[in-house]
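Structure, as structure tokens:
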Amino acid sequence: GQQVMQIPQYQHVQEGEDFTTYCNSSTTLSNIQWYKQRPGGHPVFLIQLVKSGEVKKQKRLTFQFGEAKKNSSLHITATQTTDVGTYFCFGYPGKLIFGQGTTLQVKP
Amino acid sequence: NAGVTQTPKFQVLKTGQSMTLQCAQDMNHEYMSWYRQDPGMGLRLIHYSVGAGITDQGEVPNGYNVSRSTTEDFPLRLLSAAPSQTSVYFCASSYSGVSGGDTEAFFGQGTRLTVV
């Protein structure tokens with residue numbers, strides 16, 4: 001079936017290190033969205049990518065959409081303790097499907 | 001601004017009981033959806049609606065019913081609760097009525113359900 005896979009599932013980094021999570025779809029996506037969920041909270045929208053090869057930045061966060069519109073990545077430069085949480089990609093391969101999420105832990 | 005409101009926040013049910021999780025949004029969004037979140041499984045789509053009177057199944061619809069009589073409300077009904085339905089449930093809404101994936105989704109605070 002249609003799937004959106006996200007890796008890694010967990011990542012522990014030292015504060016100041018970089019972090020990347022990857023999202024891969026078995027089918028072409030119309031667009032992809034990224035959400036962040038703080039521990040005990042609800043998902044909150046970060047960004048949407050629509051165009052093939054699109055790159056967007058939000059301060060220390062860089063989002064990319066693959067040329068084939070089947071994969072995406074979120075890169076955080078110089079992580080901070082405020083980056084702790086689970087990051088989800090959210091694709092539309094016919095139905096709105098979430099990736100499994102990457103939980104980021106940051107050690108101060 | 002209320003946004004998406006879910007009630008209750010916490011619920012404990014006995015196996016076989018039924019209940020309705022409420023979801024209401026005040027943003028006039030056409031698209032509404034229900035997800036369940038389990039450890040290591042991410043958010044899985046249960047049911048969704050692209051407008052009043054229209055609903056469809058998601059990835060894991062078994063054991064759940066929905067209806068959409070108004071734009072604002074999208075209740076989720078558990079017909080006969082089972083321990084496997086212990087989870088955190090999130091309701092979400094977004095503006096787009098066609099795909100639902102064109103615009104930002106707003107999530108409720110979640111309902112933490114335990115079935116014993």
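All but one of (1) farther than 20 Å from residue B:45 by Cβ; (2) within 14 Å of chain B (Cβ to nearest Cβ); (3) of a type in the set (Ser, Thr, Tyr) hold for residue A:81, so report the exception by its number.
(2)
Considering only residues of the range B:32-42 that are at the interface with another protein chain (Cβ under 9 Å from one of its Cβ atoms) and modelled with pLDDT of 90 or more, which is surrounded by the fewest Cβ atoms within 10 Å (Cβ to Cβ)?
The qualifying residue surrounded by the fewest Cβ atoms within 10 Å (Cβ to Cβ) is B:37.
Given the structure, is residue B:92 more than 14 Å from chain A (Cβ to nearest Cβ), under 24 Å from residue A:34 (Cα atoms) and in a strand (DSSP E or B)?
Spelling it out, it is not the case that residue B:92 is more than 14 Å from chain A (Cβ to nearest Cβ), under 24 Å from residue A:34 (Cα atoms) and in a strand (DSSP E or B).
Might you let me know whether the range A:32-52 holds any residue that is more than 14 Å from chain B (Cβ to nearest Cβ) and either part of a strand (DSSP E or B) or surrounded by 15 or more Cβ atoms within 10 Å (Cβ to Cβ) (or both)?
The answer is no; no qualifying residue exists.
Restricting to the range B:1-16, name every residue that is farther than 29 Å from residue B:96 by Cβ and either of a type in the set (Gly, Ala, Ser) or loosely packed, with under 14 Cβ neighbours inside 10 Å (or both).
B:10, B:12, B:14, B:15, B:16
Filter the range A:58-91 for residues that are outside any strand (DSSP E or B), on the phi < 0 side of the Ramachandran plot and surrounded by 21 or more Cβ atoms within 10 Å (Cβ to Cβ) and give the result.
A:79
For residue B:28, are the conditions met, namely being more than 11 Å from every other protein chain (Cβ to nearest Cβ), out of contact with any strand residue (DSSP E or B) (no Cβ under 9 Å at 6 or more places or on another chain) and surrounded by fewer than 22 Cβ atoms within 10 Å (Cβ to Cβ)?
Answer is yes for this residue.
Just one of the numbered conditions (1) in contact with an Asp or Glu (Cβ under 7 Å, 6 or more places away or on another chain); (2) touching a residue at least 40 places away in the same chain (Cβ under 8 Å); (3) within 14 Å of chain B (Cβ to nearest Cβ) is not true of residue A:102; which one?
(1)
The values are calculated or read from the model by the stated rules, or taken from the named source; none is laboratory data. What you see is a predicted model; the values in this text were computed from it and never measured. Heads up, the Cβs are rebuilt from the backbone with ideal geometry, glycines too, and the neighbour counts pull from every protein chain shown.
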